[in-house]
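This structure is in structure tokens; I'll ask about it shortly.
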Amino acid sequence: MNKIYVVGIGPGKREAMTAEAESALAGSDLIVGYSKYIDLVRPYFPNHPVLDTGMRKETERCRMAFEKANEGMTVSLVCSGDSGIYGMAGLIYELSTEFPETEIVVVPGITAAISGGSVLGAPIGHDFAVISLSDLLTPWELIEKRLKCAAEGDFNIALYNPSSHKRHDYLQKACDILLTVHSADLICGYVKNIGREGEAAVVLTLGELRNTQVDMFTTVFIGSTRTKVINGKMVTPRGYRDV
């Protein structure tokens, strides 16, 4: 049967790739993905043929994977982080009705909320929400509502896609929404280039975060009212000592 693995490769370094992901990639005839993600895995599988596309070519990329699988290839479609969290797994299943003869295997990976959290300390040790600030597929009004509701629920929040050239002020706008609920001294943090060259982590307050410029390779962490700084690390207690 034709087969597509939808593979979450984690943050990029081989050590953070699961054994299942590595096995799927090694056993594939072709690796398909966004060009930057292909660049991350190519050094580990130098003899594997690849097909890549640029940004905003997700549907085209998935169709390419199906077409190659229909030619009898075992294909790995790679996603940064986890294949289901802002990854290609959902779109592959949506398109699968056109390709009923293809078997789909979703291979999970370490998402940025987890890999970035480990760099900062333990920022999501309790209930948390993951919210993307990209309004390419989600109206900004809905993103605003989700931010406000998560803050009112005192969730820790991991913000994906916090900024880009066209959305340079979106993190500031998000912080302004959060500041209607939280105080400016709420503990926050961010990690750039998680698991890659140039990795850097910063712990700061929500007020300071509002005036910070980040890029699309950064994951931002908003603390809850229980979050604290311990030895320079961002920590949200689970509450075991309160039992």
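For segment 67-140, which fully contained strands (runs of 3 or more DSSP E) count at least 1 residues that are more than 19 Å from A24 (Cα to Cα), open to solvent by 20 Å² or more (accessible area, probe 1.4 Å) and not polar (S, T, N, Q)? Break it down stepwise before answering.
Details: elements: 74-79, 102-107, 128-132.
Those strands (runs of 3 or more DSSP E) span 128-132.
Can you tell me which of A184, A201 is small (G, A, S), in contact with a Gly (Cβ under 8 Å, 6 or more places away or on another chain), under 27 Å from L142 (Cβ atoms) and open to solvent by 30 Å² or more (accessible area, probe 1.4 Å)?
Details: A201 fails: under 27 Å from L142 (Cβ atoms).
A184 is the lone residue from the list that is small (G, A, S), in contact with a Gly (Cβ under 8 Å, 6 or more places away or on another chain), under 27 Å from L142 (Cβ atoms) and open to solvent by 30 Å² or more (accessible area, probe 1.4 Å).
Residue by residue, here is whether (1) under 26 Å from V191 (Cα atoms); (2) in contact with a Ser or Thr (Cβ under 7 Å, 6 or more places away or on another chain); (3) not aromatic (F, W, Y) holds:
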site: L25; (1), (2), (3): no, yes, yes
site: K36; (1), (2), (3): yes, no, yes
site: R61; (1), (2), (3): no, yes, yes
site: E67; (1), (2), (3): no, no, yes
site: V78; (1), (2), (3): yes, no, yes
site: Y86; (1), (2), (3): yes, yes, no
site: G90; (1), (2), (3): no, no, yes
site: G109; (1), (2), (3): yes, yes, yes
site: A112; (1), (2), (3): yes, yes, yes
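Just to verify a result, which residue in segment 55-66, among those that are surrounded by fewer than 18 Cβ atoms within 10 Å (Cβ to Cβ) and either hydrophobic (A, V, I, L, M, F, W, C) or more than 19 Å from the chain's Cα centre (by Cα) (or both), is nearest to G116 (Cα to Cα)?
Result: M55.
Hand me the list of strands (runs of 3 or more DSSP E) wholly inside segment 192-243 holding 2 or more residues that are among the hydroxyl-bearing types (S, T, Y) and over 17 Å from H182 (Cβ atoms). Talk me through it step by step, then tell me what you get.
Details: elements: 200-205, 218-222, 228-230, 233-235.
The strands (runs of 3 or more DSSP E) meeting that bar are 218-222.
Which is modelled with pLDDT of 95 or more, out of contact with any strand residue (DSSP E or B) (no Cβ under 6 Å at 6 or more places or on another chain) and closer than 29 Å to I9 by Cβ, of A174, A200? Explain how you work it out, then say what you get.
Working: A200 fails: out of contact with any strand residue (DSSP E or B) (no Cβ under 6 Å at 6 or more places or on another chain).
Residue meeting the stated conditions: A174.
The values are calculated or read from the model by the stated rules, or taken from the named source; none is laboratory data. Model, not experiment: these values are computed from the prediction. Positions of Cβ are generated from backbone atoms using ideal geometry, with glycine treated the same way; all protein chains shown enter the neighbour counts. Each accessible area value is taken on the protein alone, full model and side chains, heavy atoms only, with ligands, DNA and RNA left out. Shrake-Rupley method; radii C 1.70, N 1.55, O 1.52, S 1.80 Å.
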